[in-house]
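Inspection log for the structure reproduced underneath, given as structure tokens.
The values are calculated or read from the model by the stated rules, or taken from the named source; none is laboratory data. A quick note: this is a predicted structure, and the numbers were derived from the prediction, not measured. Note: ideal-geometry Cβ built from the backbone for every residue, glycine included; neighbour counts use all protein chains shown.
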Amino acid sequence: MPRPKPEELAPRLLPWYDAAKRDLPWRRTRDPYRILVSEVMLQQTQVSRVLQYYPRFLRAFPTCRALARAPEEEVLRQWQGLGYYARARHLQRACQAMVAQHGGRFPRAFAEAAALPGIGRYTAGAVLSIAFEQRQAAVEANVRRVLCRVLLEPGDTATSRARVARVAERAVPAARPGDYNQALMELGALLCSPRSPRCPECPLHGVCRAHARGRESAVPAAVSRRAESARVALAVVWRRGRVLLAHRAPKGRWAGLWEFPNGELVGDQDPRAALGRLLEQDFGLNAYVGEPLTELTHTIMHRRITLTAYASVAIAGRLRAGQHLEARWAKAEELEGYPLPSPHRKIADAVAHGW
């Protein structure tokens, strides 16, 4: 089968999209701010989860200016549960740049849009094509997978990625470019999945070279990553009816969030002894670390982390922040108001309900 011409894709995709697309709230608007919020939320997050947070976030920050002037801690609190919190900070900084440089509006020039903090080529292309019907490509993971299969490109070399990018740009039609980009994303999400693609239902199966050769499950080439595991010990430290929280520095994982004192364990390190040393060295507390309260597992990128929380009591010492911005004692009923990483939020909810 010869390589399909870029202009062959849109006539096949758009009728399918009109019939099969999901009714999603960000598809009912041309407001670039609301589209931007959805695009940032959807990065590395399933649609079903974004549907829970998108309306709440927009109620809290209905406009670009509202998000730009909001306290960062409140933005992180509203984002809580979506993970990858750097996205929330970048989104706020992009809005601040729009207010400062573009009158609070999303810039219509591609170079200016792509230069906004945390935006880049994909998000700029998506917003400009959907909100303003500009003929811009928007290549994310689903789109790249679809095009690699249609073109029979491995996608794991710079040359292959460049060929896919060129076709992606040429294939965007002058009419309905936003719908076309969303159709490619939808196809990758619903039919052209990483495993077990539903080729007979696909509107592109007649021009898909990977399908013609029976290689759809092998394309694009998988990137092998060695799974890693880690153990983390966490202390729920009480003192006079309050629990200890620490405010992370504005860099690194979970930057700017609050957390319970915790540390990654090395080898067969004893978790209770490790927590005792951490509380003394970082927080200036002499504490009794008791029995485990619960154990949670969560995954960050390719790391599977087992987190064990221990009941602890501060016996003596004067609290200090150590490597954190701040450390404080909080009442159980106040924990809901703090932006916490998801695993810490689960522990905080248990504490708030009388653990």
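Taken over region 40-54, the criterion of being part of a helix (DSSP H, G or I), under 24 Å from LEU116 (Cβ atoms) and without any contact (Cβ under 8 Å) to a residue 40 or more places away in the chain is satisfied by LEU42, VAL50, TYR53, TYR54.
Check whether at least one residue in region 191-210 is buried (at least 22 other Cβ atoms within 10 Å of the Cβ), farther than 28 Å from VAL289 by Cα, more than 21 Å from the chain's Cα centre (by Cα) and small (Gly, Ala, Ser), and report yes or no. The answer is yes; a qualifying residue exists. Scanning region 69-117 for residues that are touching a Cys at 6+ places or on another chain (Cβ under 8 Å) and touching a residue at least 40 places away in the same chain (Cβ under 8 Å) turns up CYS95, GLY104, ARG105, PHE106. Taken over region 1-39, residues that are under 24 Å from TRP79 (Cα atoms), of a type in the set (Ser, Thr, Tyr) and part of a helix (DSSP H, G or I) amount to 2.
Checked against (1) in contact with a strand residue (DSSP E or B) (Cβ under 6 Å, 6 or more places away or on another chain); (2) part of a helix (DSSP H, G or I), TRP238 passes all but a single condition, namely (2).
Which of the residues that make up region 40-83 are in contact with a helix residue (DSSP H, G or I) (Cβ under 7 Å, 6 or more places away or on another chain) and at positive phi? Within region 40-83, GLY81, GLY83 qualify.
Scanning region 300-355 for residues that are under 21 Å from the mean Cα position of the chain (by Cα) and part of a loop (DSSP other than H, G, I, E, B) turns up MET301, HIS302, TYR338, PRO339, LEU340, PRO341. Within region 232-248, being under 22 Å from ARG303 (Cα atoms) and either exposed (fewer than 12 other Cβ atoms within 10 Å of the Cβ) or modelled with pLDDT under 95 (or both) holds for one residue alone: ARG248. Among the residues of region 1-45 satisfying the criterion of being in contact with a Ser or Thr (Cβ under 7 Å, 6 or more places away or on another chain) and not hydrophobic (A, V, I, L, M, F, W, C), which is nearest to ARG105 (Cα to Cα)? Of everything passing the filter in region 1-45, TYR33 is nearest to ARG105 (Cα to Cα). Looking across region 109-134, the residues that are crowded, with 18+ Cβ neighbours inside 10 Å and either not assigned by TED's automatic domain parsing to the domain that holds SER193 or not polar (S, T, N, Q) (or both) come down to ALA113, LEU116, ILE119, TYR122, ALA124, GLY125, ALA126, VAL127, LEU128, ILE130, ALA131. Of the listed requirements (1) free of Cβ contacts under 8 Å to residues at least 24 places away in the same chain; (2) exposed (fewer than 13 other Cβ atoms within 10 Å of the Cβ), ARG253 misses just one: (1).
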